[in-house]
Each structure stands twice: as C-alpha cells, then as structure tokens.
1. Test residue 40 against the criterion of being out of contact with any Asp or Glu (no Cβ under 9 Å at 6 or more places or on another chain) and closer than 19 Å to residue 1 by Cα, and give yes or no.
2. Give 17, 53 a once-over and let me know the one that is in contact (Cβ under 8 Å) with a residue 12 or more places away in the chain, surrounded by 11 or more Cβ atoms within 10 Å (Cβ to Cβ) and not aliphatic (A, V, I, L, M).
3. Among (1) at pLDDT below 95; (2) in contact with a Phe, Trp or Tyr (Cβ under 8 Å, 6 or more places away or on another chain), which single condition is residue 1 missing?
4. Which of the residues that make up region 38-50 are surrounded by 14 or more Cβ atoms within 10 Å (Cβ to Cβ) and not in a loop (DSSP other than H, G, I, E, B)?
5. Please state which of the following conditions residue 35 fails to meet, knowing it meets all the rest: (1) under 9 Å from the mean Cα position of the chain (by Cα); (2) at pLDDT 95 or above; (3) surrounded by 14 or more Cβ atoms within 10 Å (Cβ to Cβ); (4) not basic (Lys, Arg).
6. Among the residues of region 21-37, count how many are in contact with an Asp or Glu (Cβ under 9 Å, 6 or more places away or on another chain) and either assigned to a loop (DSSP other than H, G, I, E, B) or under 13 Å from residue 9 (Cβ atoms) (or both).
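The values are calculated or read from the model by the stated rules, or taken from the named source; none is laboratory data. The structure presented is a predicted model; accordingly, all values stated were derived computationally and were not measured. Every residue, glycine among them, receives a Cβ derived from its backbone with ideal geometry; neighbour counts consider all protein chains shown.
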Amino acid sequence: MAEKACKQCKTIFTGSKCPKCGSEEFSDSYKGKIVILNPEQSEIAKNLKFNEKGSYAIKTG
C-alpha cells in the first residue's frame with residue numbers, strides 16, 4: 001500500500017483515514033519527508049509546529 005499525506009495535519013500514513021486527526025482528505029503526492037523522534041527538543045519540529053512523534057510531509061500536493 002502506498003504512503004499518503006494528510007492534507008490537514010501532514011502526517012504520512014497508509015490506509016484510508018489519518019491515524020492522528022481522523023481526516024479522510026489526503027494527497028498521494030507530497031514533497032519532503034521529516035521524521036520527528038523527540039518533538040520537545042527538536043528545533044525543526046518547533047519551527048514546523050509538529051508536536052507529536054511521527055513522519056510528516058513538508059508540503060502536500
């Protein structure tokens with residue numbers, strides 16, 4: 001199954017529904033992938049406003 005990016009929260013996932021926000025709006029095309037392991041200490045996570053661990057798309061199509 002191909003990875004998709006949620007248009008609401010930018011979480012990258014497989015399946016038909018976003019596991020983080022429950023949205024069914026997603027894009028099969030996205031640019032850039034970032035993996036957040038420790039959001040409390042990550043400057044990148046703070047700048048991009050990602051508050052939870054996970055894989056995120058930088059830009060959705």
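1. Working: out of contact with any Asp or Glu (no Cβ under 9 Å at 6 or more places or on another chain): yes; closer than 19 Å to residue 1 by Cα: no.
Here the answer is no, as residue 40 does not meet what is asked.
2. Details: 17 fails: in contact (Cβ under 8 Å) with a residue 12 or more places away in the chain.
Answer to the selection: 53.
3. Going through the list (1) at pLDDT below 95; (2) in contact with a Phe, Trp or Tyr (Cβ under 8 Å, 6 or more places away or on another chain), residue 1 breaks only (2).
4. 45, 48
5. Against the list (1) under 9 Å from the mean Cα position of the chain (by Cα); (2) at pLDDT 95 or above; (3) surrounded by 14 or more Cβ atoms within 10 Å (Cβ to Cβ); (4) not basic (Lys, Arg), residue 35 comes up short only on (3).
6. To start, the set of residues in region 21-37 that are in contact with an Asp or Glu (Cβ under 9 Å, 6 or more places away or on another chain) comprises 28, 30, 33, 36.
With either assigned to a loop (DSSP other than H, G, I, E, B) or under 13 Å from residue 9 (Cβ atoms) (or both) added as a condition, the list becomes 28, 30, 36.
Total satisfying the criteria: 3.
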